[in-house]
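**Student:** The following block contains the structure, expressed as structure tokens.
The values are calculated or read from the model by the stated rules, or taken from the named source; none is laboratory data. Keep in mind it's a predicted model, so treat the numbers as computed, not measured. We place every Cβ from the backbone using ideal geometry, glycine too, and count neighbours over all the protein chains shown.
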Amino acid sequence: ETGTVLFVSHNMIAMRSLCDRVLWLENGRLRMNGPTQEVVNAYLSHYSEDRSEVVWEDPATAPGNTLARLHYVRVRPAASGDLFLWEDRINVEVGLENLSADADDLNLNIQVLNGDDQVLFATNLHENLPNAKLSPGMHHLRLTIPEKLLNPGKFLLNVRASYRAKQQFAADSVVNFTIAEPPRDGAWMGKRAGFFRMPLPWFHQAALPKPNEG
């Protein structure tokens, strides 16, 4: 028997492994239909330019609903300058307006993804600042990503608002940034494996001298 399996995902690795044909949907419409590698390459190149800030001047075009809406999302190095360095912190800033939601039940969620659209980690306001209340009005929120955490490369951010544990709206892949490779010591100049590259504690006990024989 033959059949067709419809696999819906943003995971580029999974699509390359499982699919021989891909449909790229954008804003509910078909943008491209073709062989997997051809569509994946087009999709990734569409988001290849770094876009560190988005501001919605017109509320009608901003992600949101009658409960709340976004005003801006930006990502910038905590240190001065435009270069994202592995050894520096990164600030994610979000402008969120509460229009009519109960202050206790409105929450902001941020996902950090790699260039293959794999979610590396997710965080939200309530878990990290449980006493923060998003009362009606404009709120300026900031998430700080620690220094020496992410393996250098390209990253994207999904910003989503939830109300009473139900997602209300999303701005996916809304901004992106690239962390530059730090200076290297030694002969290895290739890309380090893995998603994260944080210093970890090691212990070394020097070899004890052998007792004198005889």
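**Student:** Arg51 - would you say it is assigned to a loop (DSSP other than H, G, I, E, B), basic (Lys, Arg) and under 27 Å from Arg197 (Cα atoms)?
**Tutor:** yes
**Student:** What is the number of the single condition among (1) more than 23 Å from Asp50 (Cα to Cα); (2) assigned to a strand (DSSP E or B) that Ser135 does not meet?
**Tutor:** Tallying (1) more than 23 Å from Asp50 (Cα to Cα); (2) assigned to a strand (DSSP E or B), Ser135 fails exactly one: (2).
**Student:** Could you please tell me which pairs satisfy a Cβ distance under 7 Å, a separation of 6+ or placement on different chains, a first residue in the stretch 17-33 that is free of Cβ contacts under 8 Å to residues at least 12 places away in the same chain, and a second residue that is of a type in the set (D, E, K, R) and assigned to a strand (DSSP E or B)?
**Tutor:** Short answer, once both residue conditions are applied: Leu25/Arg31.
**Student:** Hey, can you tell me all the residues within the stretch 83-121 that are out of contact with any Leu (no Cβ under 8 Å at 6 or more places or on another chain), part of a strand (DSSP E or B) and at pLDDT below 95?
**Tutor:** Phe84, Leu85
**Student:** Which members of the stretch 65-74 meet the condition of being of a type in the set (Phe, Trp, Tyr) and either over 21 Å from the mean Cα position of the chain (by Cα) or under 14 Å from Asn109 (Cα atoms) (or both)?
**Tutor:** Correct list: empty.
**Student:** Based on what the data block shows, is Asp50 at pLDDT below 80 and not hydrophobic (A, V, I, L, M, F, W, C)?
**Tutor:** Here the answer is yes, as Asp50 does meet what is asked.
**Student:** If you don't mind, there's one more thing I want to ask. Among the residues in the stretch 153-164, are any in a loop (DSSP other than H, G, I, E, B) and on the phi > 0 side of the Ramachandran plot?
**Tutor:** yes
**Student:** While we're on this one: Would you call Asp117 over 16 Å from Val73 (Cα atoms) and acidic (Asp, Glu)?
**Tutor:** yes
**Student:** Of the residues that sit in the stretch 1-36 and are of a type outside the set (Lys, Arg), surrounded by 13 or more Cβ atoms within 10 Å (Cβ to Cβ) and touching a helix residue (DSSP H, G or I) at 6+ places or on another chain (Cβ under 7 Å), which one is modelled with the lowest pLDDT?
**Tutor:** Selected residue: Met12.
To keep it simple, each residue is scored yes or no on (1) more than 30 Å from Ala101 (Cβ to Cβ); (2) free of Cβ contacts under 8 Å to residues at least 12 places away in the same chain.
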| position | (1), (2) |
| --- | --- |
| Glu147 | yes, no |
| Asn151 | yes, no |
| Leu156 | no, no |
| Tyr163 | no, no |
| Lys166 | no, yes |
| Val174 | no, no |
| Ile179 | yes, no |
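**Student:** Select, from Leu70, Leu113, the only residue that is touching a residue at least 40 places away in the same chain (Cβ under 8 Å), buried (at least 20 other Cβ atoms within 10 Å of the Cβ), within 13 Å of Ser162 (Cα to Cα) and in contact with a strand residue (DSSP E or B) (Cβ under 7 Å, 6 or more places away or on another chain). Working first, answer last.
**Tutor:** Numbers: Leu113 fails: within 13 Å of Ser162 (Cα to Cα).
Only one candidate passes the filter, namely Leu70.
**Student:** Related question: Return yes or no: is Gly194 assigned to a loop (DSSP other than H, G, I, E, B), small (Gly, Ala, Ser), under 33 Å from the mean Cα position of the chain (by Cα) and at pLDDT 90 or above?
**Tutor:** Spelling it out, Gly194 is indeed assigned to a loop (DSSP other than H, G, I, E, B), small (Gly, Ala, Ser), under 33 Å from the mean Cα position of the chain (by Cα) and at pLDDT 90 or above.
**Student:** Sort through Pro59, Pro77 and tell me the only one that's within 16 Å of the chain's Cα centre (by Cα) and either modelled with pLDDT of 85 or more or over 26 Å from Leu149 (Cα atoms) (or both).
**Tutor:** Every option except Pro77 fails the conditions.
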